[in-house]
Amino acid sequence: MQLQDIVPWGRSGAEYARMFALQPEDLAGRRVLSFGDGPSDFQVWARGQCTRVQSVDPLYAFEADAIAERIEAVRPEITKGLQESRAAFHWDDFDSPEAMVENRLATMARFLDDYRARGNDGQSYLARALPDLDGVMEADLGLCSHLLFLYSAHLDEDTHWTWLQAMLTKVPELRVYPLVRLDGTPSEHVAPMTTRLLQAGFGVEQVPCHYRVQQGAYNFLRITR
């Protein structure tokens, strides 16, 4: 699948639980940061399970209607890309590309309802663009879904390193998914990031998950300090 830019396209909190192998003890009584959350409904899903959840994304500088317009604008490109690259995906959870798109639109509608209700109050949804995390809370667990490694054609090695370092100033544990590019091939940045992180004293491991949507995207990177 090829995209010309990083696009706002949200996955559900239930999908987050699977892609990051989240257990009740990962959330209960803990503060969670979700980087590059975009129009995901993870915030809505996790809010009742954590002490506090904060979603961080430059998208939140915009009003809900503007975000909805952008989602609608990229919808044809996403649908076309899925149709043309069916073999790059598993279809156990969705019957067709069109069904996947409808599921995503329902997820993003839940996000938009919550975003309209809460607004960009600097608490639940915080508008920040990596590596600038000024004002972002410190938390127990960080999640980064469908940003680093996936967009390896858009973000170079130094950008990956700078952004990882920034996120790790806010959390002692960071989970990043997936470890493949948009076309399903392993990201060329995983190995050098692993080396740099180990040299900097972090713990790094690839952890299997039970989320099966994109072919080859079966692990997340767990980083600890």
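With each label modelled as a point 7 angstrom along the Cα→C-beta vector, the Asp183-Arg118 pair spans 3.7 nm. One way to sum up the overall shape of the stretch 1-102 is the equivalent ellipsoid from its Cα gyration tensor, whose semi-axes run 26, 19, 10 Å, largest first.
In this simple spin-label model, placing a label point 7 Å from the Cα along the Cα-to-Cβ direction at both Asp158 and Ala129 gives a separation of 1.8 nm.
Scalar couplings 3J(HN,Hα) for the stretch 22-32, obtained by applying the Karplus form with A = 6.51, B = -1.76, C = 1.60 to θ = phi - 60°, are 6, 10, x, 6, 6, 10, 4, x, 10, 9, 10 Hz; x denotes Gly and Pro. Placing one equal scatterer on every Cα of the chain and applying the Debye formula, the log10 ratio I(q)/I(0) at q = 0.07, 0.15, 0.16 Å⁻¹ is -0.20, -1.00, -1.16.
Between Asp95 and Gln206, the modelled label-to-label distance comes to 3.5 nm, taking each label 7 Å out from Cα in the direction of the beta carbon. Each stretch of four or more DSSP H residues adds -39500 (n - 2.57); spread over every residue of the chain, this sum gives -11000 deg cm²/dmol at 222 nm.
Each reported figure results from applying straightforward, stated rules to the coordinates on display, with no laboratory input. Every value quoted in this text rests on a predicted model; they were computed, and no experiment measured them. All Cβ positions, glycine included, derive from the backbone under ideal geometry; neighbour counts span all protein chains shown.
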